[in-house]
Structure formats: structure tokens, C-alpha cells
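Please read the structure below before turning to the comments.
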Amino acid sequence: MDKFKLEERLIDFAANIILFTNHVDKSYAGNHLVGQIVRSSTSPALNYGEAQSAESKKDFIHKMGICLKELRETFNCLKIIERANLTSNTELINKLKIEVNELISIFVSSIKTAKTNSELKNR
């Protein structure tokens, strides 16, 4: 995937999560998870921009790994919100879970490719 398209997709995903938080119950648990998911879902877009300016292949892989970690955290937050019945918008949460799974797959593949290319270069 083109790096600019991926960056836009990450920004759209973060914005959609922010909009989704309006559908999460205003309770102690809901507020806690809203804060957590806003942080974890916006982080990949910001860190992906950092990865594009990485100082080395190792730095690139590290920053891409941070994006992956934050996407997985976002996925888990969505599952907790869903299982704790903190939202009634099941259609939106399902769309977000599909999107975050696709983004996770993209980052797993990108990191694997970068590691393979780095290993081949070091031979």
C-alpha cells in the first residue's frame, strides 16, 4: 500500500474512533476506556509519520512496531467496550474492528518485509 494512502487511512481511523467515543456510555469504565482508546488509536497515525523519517532501518522497524502495538491495544479496547456492553452501536464497533484488523495485518506484513530486507542487506 502506498505510504500516503496508509497515512490517510490511519488518520481516518483515528478520527472515526474519536467519533465513536460519543457512543460509549458515560460511566467510570466508559470514560476510562474512551481516554485509553483515543490515545492508542491516534498514536499509529502520529508514529507512522515518524517512521517515514526514520534515521535507520532499525529505527523504522522500531517505530512501525510501536504503531502495531498501539493498533493491537485499540483492538483490545474495542473488544472490552463491546463485551462490557458500553455501547449500543454494534454496527460501528464491528466496522472499526474490521478496519483495525486490516491495519494490524498491514503493519505485520510491513515489519516482516523490512526485517527480511534488513537481514538480506546485512549478509
Q: Obtain the nm distance between the two label points defined at Lys57 and Glu8 by a simple spin-label model: each point lies 7 Å from its Cα along the Cα-to-C-beta direction.
A: 3.0 nm
(Q) Checking the a/c ratio against 1.5 first, then a/b against b/c, what shape does the Cα gyration tensor give for the chain? (A) prolate
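Tell me, what is the percent relative contact order of the chain, built from C-alpha pairs under 8 Å that lie six or more residues apart? Present the calculation step by step, with values, prior to reporting the outcome.
Details: 106 pairs, mean separation 34.4, N = 123.
Relative contact order of the chain: 28 percent.
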Q. Over 26 Å between Cα atoms, which of Lys3/Lys26; Lys79/Lys115; Lys97/Lys121; Lys26/Lys95 qualify?
A. Lys3/Lys26; Lys79/Lys115; Lys97/Lys121
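Rolling a 1.4 angstrom probe over the protein heavy atoms, how many square angstrom per residue are accessible across the chain? Walk me through the numbers on the way to the answer.
Numbers: 7410 Å² over 123 residues.
Accessible area per residue: 60 Å².
The values are calculated or read from the model by the stated rules, or taken from the named source; none is laboratory data. The structure displayed is predicted, hence computed values, not measured ones. When we count neighbours, we look across all protein chains shown, and the Cβ atoms used for this are built from the backbone with ideal geometry, even at glycine. Heads up: the accessible areas ignore ligands, DNA and RNA and are worked out on the full protein's heavy atoms, side chains in. Shrake-Rupley method; radii C 1.70, N 1.55, O 1.52, S 1.80 Å.
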